[in-house]
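Asks: Structure incoming, see below.
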Amino acid sequence: MNTEHLSEQQIIRREKLKEFSRLGIDTFPAESYPVSTTAAFIKSNYKGDENKDDFSEVCVAGRVVSIRDMGKASFAVLQDSTGKIQLYIRRDDIAKDEDKTLYNIVWKKLIDIGDIIGVKGYVFTTKTGETSIHVSEFKILSKSLRPLPVVKEKDGETFDEVTDAEFRYRQRYADLIVNPHVKEIFIKRTKMMNAIRDFLNERGALEVDTPVLQNIPGGAAARPFKTHHNALDIPFYLRIANELFLKRLIVGGFDWVYEFSRNFRNEGMDRTHNPEFTVLEFYVAYKDYLWMMHTTELLLEKTALAVNGTTIAMSGDKEIDFKAPYKRISMYDAIKEYTGIDISGKDEDGLREVCKQLGIHADKTIGKGKLIDEIFSEKCEGHFVQPTFIIDYPVEMSPLTKKHRSKPGLVERFELIVNGKEIANAYSELNDPLEQKERFEEQSKLMERGDDEAMYIDYDFLRALEYGMPPTSGIGFGIDRMAMLLTNQPSIQDVLFFPQMRPEKKITEEKDTETASK
């Protein structure tokens, strides 16, 4: 890397690297380090004189996050994956013979905040009551060449906390170091997914994998990412949904399948949308959307308890209770309640007039289904804070859904709305191949009008339906949005390790300079 792009601190650290080399010390050793315990275990279990013999020899490793020099001794704080612990390092313990280089040069001058070290010693309690490790030996395990942002702590309070979103999302690795509490968000996310897996596995569901690269982007109304398969010399798409492949498995004889699916949609980005996101979808033979509503309530109640120990989740200052049962209201009734307008029976022109009356922009390319969706999204969705099932959608909004058994013009579909956003979408699945073909053809007409989110016709899926698919109910859960709710995070970027962002200008310039120099 061209040094003209390095900061003064980065240059100094590279000089220290050279000094380590001159001293014959490998700053990136290959051999394992014999870690025997963790910071959290020591702080939770050390009881002083009561069990000090059990902690007479410990070995921990982690990152140096602070150093206080006191001349012939110093205090430091080491942070490992479980937390922080104080180190007490005395010159005469580290350098037992006349050569004090290890302490005076290596520890005091070459070790920096951010370096990863291993230490051996015994646990004791300082005069101020701090559980600490009295270090008898230390070893550099990895030299940090880039300084961390400085975060100060005093009396249990954090000062100068790094909150800049641009830094935190772009350099999540550094965010996790300087804001270790962020780890808890992602630990809870994993707990959430494990709880869901346990719920499904206990009921006999089978976890499966389906293609990410698809020649037809089916299963949802969305704009896809397009790529090219060189060997086959044909276009492929990153999947927008895995629905049609999971239903193929129901055709093939599986009764209950599920998948945590990484999906991609080439659309807008905001606090609840990311172009790459995770969805849980599952499909169950011989069930309908009424059964699915009940199952959804049970799943979310159990998941909330597994993650937080309570069915109550906080979203900002709002309490959201995931305890079953949840309120149910039809889409038409919700629109009437919050707009005062009954849209049932209105045609496309009538719906455009309603949009105009409500101040909603209605693009000419979209049809009746999307017009209704726009009205609901703009005027109703945000009112539903507690978990609520919006049920019985117009047929035009749901090309993959079975028609309602008793309400003409509607389908057996629900969306679960929580805190003003859709969390889950479910159907009694359409299994009539002839009707499904007609629905796909209606979508093609919308595509011809310019709707780039209309569904493609998947002829292989229609062929699968012709073999016969049993009555089936299916659902898709937005895993990222669920994680936001259960960890009280305001943005989807806060529950993704590495959200998509524009290329960083500085990094791009450095890369261009390196390429030119070669």
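Asks: I want the local charge near V35. Using Cβ-Cβ distances under 11 Å, sum +1 for each Lys or Arg and -1 for each Asp or Glu among the other residues.
Replies: Local charge sum for V35: 0.
Asks: So which of K287/K370; K188/K379; K336/K356; K72/K127 end up more than 24 Å apart by C-alpha?
Replies: Those over the limit are K287/K370; K188/K379.
Asks: Right, something else. Relative to the longest principal axis of the C-alpha atoms of the chain, give the angle of the C-alpha long axis of helix 368-379, reported between 0 and 90° and rounded to the nearest 10°.
Replies: That works out to roughly 50 degrees.
Asks: Semi-axes of the stretch 230-347's equivalent ellipsoid from the Cα gyration tensor, sqrt of 5 times each eigenvalue, largest first, rounded to whole Å?
Replies: They are 30, 23, 20 Å, listed largest first.
Asks: Can you check what the Kirkwood hydrodynamic radius comes to for the stretch 37-119, Cα pairs only, in Å to one decimal?
Replies: This gives a value of 13.7 Å.
Asks: List every residue whose amide H lies under 5 Å from the amide H of F236, counting only residues 5 or more places away in sequence or on a different chain, with H placed 1.01 Å from N in the peptide plane.
Replies: T227, H228, H229
Asks: Something else about it: Given (i) 22, 54, 23, 1; (ii) 23, 58, 18, 0; (iii) 18, 41, 27, 13, 1, which label gives P(r) over Cα pairs in 20 Å bins from 0, in percent as computed from the coordinates?
Replies: Label of the calculated value: (iii).
Asks: Which whole-percent values make up P(r) of the stretch 270-333 when all C-alpha to C-alpha distances are grouped in 5 Å steps starting at zero?
Replies: All Cα pairs considered, the percentages come to 3, 12, 16, 18, 23, 20, 6, 1, 0.
Asks: Keeping the other protein chains in place, figure out the carbon and sulfur percent of the accessible area of the chain, with a 1.4 Å probe.
Replies: 50 percent
Asks: Between L430 and residues 5 or more places away or on another chain, which pairs have amide H atoms under 5 Å apart, with H built 1.01 Å from N, and which residues are they?
Replies: Here the answer is T401, K402, since their amide H atoms fall under 5 Å of that of L430.
Asks: Does anyone have the angle between helix 182-202 and the longest principal axis of the chain? Alpha-carbon axes, 0 to 90°, nearest 10?
Replies: The angle comes out near 50 degrees.
Asks: Here's something else I'd like to know. Counting other C-beta atoms within 10 Å, and keeping those with at most 14, which DSSP coil chymotrypsin sites (Phe, Trp or Tyr not before Pro) do you find in the stretch 405-507?
Replies: F497
Asks: For the chain, what is the accessible area per residue in Å² when the probe is 1.4 Å?
Replies: Details: 26150 Å² over 518 residues.
Per-residue value: 50 Å².
Asks: Computed from the mean reciprocal separation of all distinct C-alpha pairs, what Kirkwood hydrodynamic radius does the stretch 192-289 have, in Å?
Replies: 14.8 Å
Asks: Work through the residues other than N201 whose Cβ is under 15 Å from its Cβ and net out their charges, Lys, Arg +1 and Asp, Glu -1. Can you show the working numbers first?
Replies: Values: positive: R197, R203, K302; negative: D198, E202, E207, D255, E259.
Summing Lys/Arg as +1 and Asp/Glu as -1 gives -2.
Asks: Oh, and also: For the stretch 382-518, what is the number of Lys pairs with C-alpha distance below 20 angstrom, counting only pairs 8 or more positions apart or on separate chains?
Replies: Within the stretch 382-518, the lysine pair count is 4.
Asks: Next up: Counting only the backbone N, which residues of the stretch 384-420 are under 20 Å from the spot 7 Å out from the Cα of E319 toward its beta-carbon?
Replies: 384-388, 418-420
Asks: Separate question: Compute the distance in nm between two label points, each set 7 Å from the Cα along the Cα-to-Cβ direction, one at D349 and one at A73.
Replies: Label at D349, label at A73, 9.1 nm between them.
Asks: Quick one: helix 433-448 against the long Cα principal axis of the chain, what's the angle to the nearest 10°, folded into 0 to 90?
Replies: 70 degrees
Asks: Taking θ = phi - 60°, what integer Hz values does the Karplus form 6.51 cos²θ - 1.76 cosθ + 1.60 yield along the stretch 408-424, in sequence order, with x for Gly and Pro?
Replies: Listing the rounded values in order: x, x, 10, 10, 8, 9, 9, 10, 9, 9, 9, 6, x, 9, 5, 10, 8 Hz.
The values are calculated or read from the model by the stated rules, or taken from the named source; none is laboratory data. These figures come from a predicted structure and were not determined experimentally. All Cβ positions, even for glycine, are placed from backbone atoms using ideal geometry, and neighbour counts span all protein chains on display. Remember, those area values only see protein heavy atoms, side chains included, never the ligands or the DNA or RNA. Shrake-Rupley method; radii C 1.70, N 1.55, O 1.52, S 1.80 Å.
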